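The values are calculated or read from the model by the stated rules, or taken from the named source; none is laboratory data. Since the structure is predicted, the reported quantities are computational estimates derived from the model, not experimental observations. No Cβ is skipped: glycine too gets one built from the backbone with ideal geometry, and neighbour counts run over all protein chains shown.
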Amino acid sequence: MTTPDDHAFLRQAIALAAKARAGGDPPFGSLLAGPDGTVLAEEHNTTLTDKDITAHPELKLARWAARELDAATAAGTTMYTSCEPCGMCQAVIQWAGLRRVVYALSNDQLLDIRPGSGRPPVPQHGPALLDEVRAVVEGYYR
Ligand SMILES: [Zn+2]
């Protein structure tokens, strides 16, 4: 459920996506709106200009929030983003403790516009060497 206020912030995020595209980067933009509805920070994708595959705006903003906001402010902050966050960004948003995410374009809709943009999952193998790794981890979380 989105509101007219949400749509106003989404339009700002879409404008940031257009800014990214105009600067030669993939067309994605995001912002954070604090508990009082003011814009706290905004970002756009810079994966090409920074030569950094992780330079998604959602990731940059979630890292900023974790660094700069206290937990209560983060818990009242909404991320507005031109496209649904990818799996990498969703995880970092969760770690940052944000209240919610509102997006314009879903990942499925993005794939319709840009077919073949997904990547196959990398095989993962484990667990292994449990006794050795437990000796390092046990006792840390008290
Ligand atoms: Zn992402």
Query raised in the report: What's the number of the condition GLY76 fails, among (1) within 14 Å of the ligand (Cβ to nearest atom); (2) assigned to a loop (DSSP other than H, G, I, E, B); (3) surrounded by 10 or more Cβ atoms within 10 Å (Cβ to Cβ)?
Result: (1)
Query raised in the report: Has the range 120-131 got any residue that is in a helix (DSSP H, G or I), more than 16 Å from the ligand (Cβ to nearest atom), surrounded by 15 or more Cβ atoms within 10 Å (Cβ to Cβ) and without any contact (Cβ under 8 Å) to a residue 60 or more places away in the chain?
Result: no
Query raised in the report: Restricting attention to the range 48-59, and to residues there that are without any contact (Cβ under 8 Å) to a residue 24 or more places away in the chain and of a type outside the set (A, V, I, L, M, F, W, C), which single residue is surrounded by the fewest Cβ atoms within 10 Å (Cβ to Cβ)?
Result: LYS51
**Report entry** Yes/no for VAL92 being part of a strand (DSSP E or B) and either modelled with pLDDT of 95 or more or over 15 Å from LEU40 (Cα atoms) (or both)
**Finding:** no
Query raised in the report: Taking GLU43, is it under 30 Å from VAL122 (Cα atoms), of a type in the set (Asp, Glu), within 12 Å of the ligand (Cβ to nearest atom) and assigned to a helix (DSSP H, G or I)?
Result: no
**Report entry** Residues within the range 79-101 that are under 15 Å from LEU32 (Cβ atoms) and buried (at least 20 other Cβ atoms within 10 Å of the Cβ), tallied
**Finding:** 10
